[in-house]
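Data first, discussion second: the structure below is written as structure tokens.
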Amino acid sequence: MRKRKGFTLLELMIVVVILGVLALIAVPSLLNAVEQSRQSAVLGNVSAASSSVGSRLAIGAAVDAALIAELEAASENPYGGENAFVFGAGCGAGEVGVQVNAGTGAVTIDGCDGGGKQLTQKVLLPPAAANINL
């Protein structure tokens, strides 16, 4: 009798089927992880904006386009868009929009996902004038 060398066609087909099933399980999870990481980056940009805006409000400085330019220089849009931050308008795909309410001085910060859908919103209020009675 001859000794067999190598695998039969049936054995190779079983291995291919097993690899295909594993790929069907793994690929959707990996695609979801990429989207979640991009959304986390947008939430990080919202946090950075709220920290900077909060500091400006605390010292009485203006929240303006110059602040947005500073934030823009330090960040990027995780969805590959042109801007990570926009001032005075809503947000688009992967952007963080910063709007100032002229009447109240409140600042609204919106973060949007890749489709332009709002992920989160933060509203920062300016500190009230101190009433000190001596």
Note to self: Being modelled with pLDDT of 90 or more, farther than 24 Å from Pro127 by Cα, surrounded by 14 or more Cβ atoms within 10 Å (Cβ to Cβ) and of a type in the set (A, V, I, L, M, F, W, C): is that true of Ala73 here?
What the structure shows: no
Checklist line | Selection status of Lys117, surrounded by fewer than 12 Cβ atoms within 10 Å (Cβ to Cβ), of a type in the set (Lys, Arg) and closer than 22 Å to Ala41 by Cα | finding: yes
Next item on the list: Check Val63 against each of (1) buried (at least 17 other Cβ atoms within 10 Å of the Cβ); (2) modelled with pLDDT of 90 or more; (3) touching a helix residue (DSSP H, G or I) at 6+ places or on another chain (Cβ under 8 Å) and name the one condition it does not meet.
Entry: (2)
Next item on the list: Run down Pro78, Pro126 and say which single residue is surrounded by 13 or more Cβ atoms within 10 Å (Cβ to Cβ) and under 11 Å from the mean Cα position of the chain (by Cα).
Entry: Pro78
Checklist line | Filter pass, Cys112 being buried (at least 17 other Cβ atoms within 10 Å of the Cβ), at pLDDT below 90 and within 21 Å of Gly54 (Cβ to Cβ) | finding: no
Margin query: Is it the case, given these coordinates, that Glu11 is touching a strand residue (DSSP E or B) at 6+ places or on another chain (Cβ under 6 Å), in a helix (DSSP H, G or I) and free of Cβ contacts under 8 Å to residues at least 24 places away in the same chain?
Written below: no
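For (1) among the hydrophobic types (A, V, I, L, M, F, W, C); (2) surrounded by fewer than 11 Cβ atoms within 10 Å (Cβ to Cβ); (3) assigned to a loop (DSSP other than H, G, I, E, B); (4) free of Cβ contacts under 8 Å to residues at least 24 places away in the same chain, each residue gets a yes or a no:
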{"residue": "Val17", "(1), (2), (3), (4)": "yes, yes, no, yes"}
{"residue": "Val21", "(1), (2), (3), (4)": "yes, yes, no, yes"}
{"residue": "Val27", "(1), (2), (3), (4)": "yes, yes, no, yes"}
{"residue": "Asn45", "(1), (2), (3), (4)": "no, no, no, no"}
{"residue": "Ala49", "(1), (2), (3), (4)": "yes, no, no, no"}
{"residue": "Val86", "(1), (2), (3), (4)": "yes, no, no, yes"}
{"residue": "Gly90", "(1), (2), (3), (4)": "no, no, yes, yes"}
{"residue": "Gly94", "(1), (2), (3), (4)": "no, no, yes, no"}
Note to self: Can you list residue pairs whose Cβ atoms sit under 6 Å apart, with the first residue in the range 52-72 being in contact (Cβ under 8 Å) with a residue 40 or more places away in the chain and outside any helix (DSSP H, G or I) and the second being surrounded by 11 or more Cβ atoms within 10 Å (Cβ to Cβ) and charged (D, E, K, R)? Count only pairs 6 or more apart in sequence or on different chains.
What the structure shows: Val63/Arg56
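Of everything in the range 34-43, what is among the aliphatic types (A, V, I, L, M) and in contact (Cβ under 8 Å) with a residue 12 or more places away in the chain? Give them in sequence order. First the steps, then the outcome.
Let us first name the residues in the range 34-43 that are among the aliphatic types (A, V, I, L, M), namely 34, 41-43.
Hits for the range 34-43 are Ala41, Val42, Leu43.
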Checklist line | Condition met for Gln99 (out of contact with any helix residue (DSSP H, G or I) (no Cβ under 7 Å at 6 or more places or on another chain), in contact (Cβ under 8 Å) with a residue 24 or more places away in the chain and not in a loop (DSSP other than H, G, I, E, B)) | finding: no
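The values are calculated or read from the model by the stated rules, or taken from the named source; none is laboratory data. The structure presented is a predicted model; accordingly, all values stated were derived computationally and were not measured. Cβ coordinates were reconstructed from backbone atoms using ideal geometry, including for glycine residues, and neighbour counts include every protein chain displayed.
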